[in-house]
Amino acid sequence: MKSSDPSVGGEVSEAVVSRWWWVAAIVAVLVQLAAVYWPGSPGGEQFVTITGADKVVHALIFGIPAYLLGSLTGRRWLVATVFALHAPISELVQWRFLPYRDGDVWDMVADLTGIAIAVLVGWRVDRARS
C-alpha cells in the first residue's frame, strides 16, 4: 500500500514512512537521554526561566518517545512500563551521580504524567482507527 506525499508530488511506500517514524522515535529517545543525564553547570543556569516549563519539558521528553515507540511496536503498555521505571531511576542518578544536578520528585511526577498522556493518546488514536 502506498500513501501520497505532497512534498514530493508522488507516492511513498509505508516502509519509508515507517522508517521515518522509527528515526523520529530514536531521536526522541536520544534527546531524552541527553536531557536527563547531561551534567549540570556550577552556576545552575537554566535554558528556560518560565515557571513550570521544566515540568512541561519533562512530560514531553518522556511522553513523546513513549508514544512513538508504543505506536511503532504495538506494545504500548510494555513501553510505558519501561519508561515509568526509567523515571525514578533517572532522578536518583541525577541526585547521586551527576555533578550540579539534583533529583526532584516533581520531575518524576511530570515524567509519569507525560507517559500517561502518551498511553491515553495512543489508546484514543487506536480506537479512532478501528
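Quick note: the coordinates plus some simple rules give every number you see, no bench work behind them. None of these values were measured; they are calculated from a predicted model. Counting neighbours? That spans all protein chains shown, and the Cβs are built from the backbone with ideal geometry, glycine included.
Can you check what the net charge comes to around T81, using other residues whose Cβ is under 14 Å from the Cβ of T81 (Lys, Arg +1; Asp, Glu -1)?
Numbers: positive: R75, R76; negative: D111.
Here the charged neighbours net out to +1.
Nearest 10 degrees is fine. How inclined is helix 53-73 to the longest principal axis of the chain, computing both from alpha carbons?
Approximately 40 degrees, to the nearest 10.
Have a look at I89, V36, S13 and report the one farthest towards the positive end of the charge dipole of the chain, computed about the Cα centre with Cβ charges (Lys/Arg +1, Asp/Glu -1).
Toward the positive end, the furthest listed residue is S13.
Express the relative contact order of the chain as a whole percentage, based on alpha carbon pairs under 8 Å and six or more residues apart in sequence.
Details: 144 pairs, mean separation 35.6, N = 130.
This gives 27 percent for the chain.
So how far apart, in nm, are the two label points at L33 and E11 if each is 7 Å from Cα heading toward Cβ?
The two pseudo-label positions are separated by 3.8 nm.
Between R129 and S18, what's the calculated FRET efficiency when r is the beta-carbon distance and R0 is 25 Å? Round to 0.05. Kindly include the intermediate steps, with their values, before the conclusion.
Working: r = 15 Å, r/R0 = 0.62.
The pair R129/S18 has a calculated efficiency of 0.95.
Sticking with the crude label model, points 7 Å out along Cα→Cβ, report the distance from L85 to I26 in nm, one decimal please.
2.3
With only Lys, Arg, Asp and Glu charged, each at its Cβ (+1 for the first two, -1 for the last two), find how big the charge dipole of the chain is about the Cα centre; round to the nearest 20 debye.
Working: 10 positive and 11 negative charges, 93 e Å.
So the magnitude is around 440 debye.
Suppose each label sits 7 Å from its Cα in the direction of the beta carbon; what would the T73-D104 distance come out to in nanometres?
2.8
Extension gain V93-L120, at 0.36 nm per residue separation less the Cα-Cα distance, in nm? List each step's numbers first, then the result.
Working: separation 27, 0.36 × 27 = 9.72 nm, distance 2.81 nm.
The span from V93 to L120 would gain 6.9 nm if fully extended.
Select one label from [x] 17.2, 54; [y] 14.1, 41; [z] 16.6, 55: the one whose number is Rg and Dmax of the Cα atoms in Å as derived from the coordinates shown.
Step by step, Rg and Dmax of the Cα atoms in Å for this structure corresponds to label [x].
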